[in-house]
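Accompanying notes for the structure given below.
The values are calculated or read from the model by the stated rules, or taken from the named source; none is laboratory data. Here the structure is a predicted model, which is why all the values come from computation and not from measurement. Cβ sites come from the backbone with ideal geometry, for glycine too, and all protein chains shown count toward neighbours. Just so you know, the surface numbers come from the protein's heavy atoms only, side chains and all, with ligands and any DNA or RNA stripped out. Shrake-Rupley method; radii C 1.70, N 1.55, O 1.52, S 1.80 Å.
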Amino acid sequence: MFNLILFGPPGSGKGTQSEKIVSTYQLQHISTGDLLRDEVSRHTPLGIEAKKFMDQGMLVPDEVVIGMISGKIDASPDARGFIFDGFPRTSNQAEALDKLLEFKNTTIHLVLALEVPENDLITRLVNRGITSGRSDDNEEVITKRIKEYHAKTEPVAKYYNGQGKLERVPGNNTIDQTFQLLTKHINKYLLPVA
Ligand code: B4P
């Protein structure tokens, strides 16, 4: 089993690159953003609670997100591996993930951190907001999400760097060029399926 974390600020391309990685390496995709948006659109109690945080550009509480992840891993016992997209986003979540994987006799093998200048992040997300209608893609909320990233999520990179698992990858090239840079790291662990 091979487990990969795709890490980076809001709009760095985690979701975009995850799709390409999933189809090339046939990993099971776990995106906490997608899982939360699904709960919101179905108006579940979890979704109604999560929406209050997401609409303000804040992270959803750790216990909500960690509970969702455990269920998702259990649902795919035969997976070739997992790609965690947008998770963990706090040091607490990173520690919880380590414990969860240890319990399942596996571990995180690689953390790829996408690096994109802040101006580009804002432009990308404002543009996506125009077409997607996502309630958290307007300039005011985007600025809060980036602040939240610096305060709570950046320390997660240090956590994995301390474990010798972090690789930083420029994410401000084209989508395909960025993907090529990511595959150079992944190919050291896993060969493409296609
Ligand atoms: P997410 O859904 O994870 O979204 P994101 O960080 O905004 O986007 P991502 O980095 O995936 O960017 P994308 O590829 O879409 O989080 C949303 C919210 O959910 C959070 O704010 C939080 O409230 C909550 N949440 C999620 N996970 C959580 C957790 N673990 N704990 C607590 N709360 C959590 O790319 C963005 C845009 O850029 C797209 O339009 C794309 O087309 C474009 N783009 C991508 N690559 C490009 C490139 N190379 N060049 C030009 N444009 C590019």
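So if I check each of Ile83, Ile73, Ile66, which one is assigned to a strand (DSSP E or B) and of a type outside the set (Gly, Ala, Ser)?
So the residue among Ile83, Ile73, Ile66 that is assigned to a strand (DSSP E or B) and of a type outside the set (Gly, Ala, Ser) is Ile83.
When the residues of segment 171-190 are filtered to those that are free of Cβ contacts under 8 Å to residues at least 60 places away in the same chain and not basic (Lys, Arg), which remaining residue is nearest to Gln28 (Cα to Cα)?
Looking at the filtered set, the residue picked out is Asn187.
Here's the yes/no breakdown for (1) open to solvent by 30 Å² or more (accessible area, probe 1.4 Å); (2) hydrophobic (A, V, I, L, M, F, W, C); (3) assigned to a loop (DSSP other than H, G, I, E, B):
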position: Glu95; (1), (2), (3): yes, no, no
position: Asn119; (1), (2), (3): yes, no, no
position: Ile130; (1), (2), (3): yes, yes, no
position: Asp136; (1), (2), (3): no, no, yes
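I'm trying to understand the selection: among the residues of segment 1-18, which are of a type outside the set (Ser, Thr, Tyr) and within 19 Å of His109 (Cα to Cα)?
Across segment 1-18, the qualifying residues are Met1, Phe2, Asn3, Leu4, Ile5, Leu6, Phe7, Gly8, Lys14, Gln17.
Mind telling me which of the residues Ile66, Ile73 ends up being surrounded by 14 or more Cβ atoms within 10 Å (Cβ to Cβ), within 15 Å of Leu35 (Cα to Cα) and away from the ligand (no atom under 13 Å from the Cβ)? Step through it out loud before you land on a result.
Values: Ile66 fails: away from the ligand (no atom under 13 Å from the Cβ).
Residue meeting the stated conditions: Ile73.
Looking at (1) open to solvent by less than 60 Å² (accessible area, probe 1.4 Å); (2) within 16 Å of the ligand (Cβ to nearest atom); (3) not charged (D, E, K, R), find the lone condition where Gln180 falls short.
(1)
Can you confirm whether Val111 is open to solvent by 10 Å² or more (accessible area, probe 1.4 Å) and not basic (Lys, Arg)?
On the way: open to solvent by 10 Å² or more (accessible area, probe 1.4 Å): no; not basic (Lys, Arg): yes.
Spelling it out, it is not the case that Val111 is open to solvent by 10 Å² or more (accessible area, probe 1.4 Å) and not basic (Lys, Arg).
Within segment 80-93, which residues are open to solvent by 20 Å² or more (accessible area, probe 1.4 Å) and farther than 29 Å from Pro192 by Cβ?
Quick first cut of segment 80-93, residues open to solvent by 20 Å² or more (accessible area, probe 1.4 Å) only: 80, 89, 91-92.
Ser91, Asn92, listed by residue number.
For segment 145-176, give me each residue that is surrounded by 12 or more Cβ atoms within 10 Å (Cβ to Cβ), under 14 Å from Glu115 (Cα atoms) and of a type in the set (S, T, N, Q).
Thr153, Asn172, Asn173
Kindly indicate the residue of segment 48-63 that is in a helix (DSSP H, G or I) and not small (Gly, Ala, Ser) and also most open to solvent (accessible area, probe 1.4 Å) among those meeting that condition.
Glu63
Starting from segment 65-90, keep only residues that are under 15 Å from Val22 (Cα atoms), then list their pairs with residues that are surrounded by fewer than 17 Cβ atoms within 10 Å (Cβ to Cβ) and of a type in the set (A, V, I, L, M) whose Cβ atoms are within a distance under 6 Å, requiring at least 6 positions of separation or different chains.
Gly81/Met1
Could you check, for segment 26-45, whether at least one of its residues is closer than 20 Å to Leu125 by Cβ, open to solvent by less than 30 Å² (accessible area, probe 1.4 Å), among the aliphatic types (A, V, I, L, M) and within 8 Å of the ligand (Cβ to nearest atom)?
Yes, segment 26-45 has at least one match.
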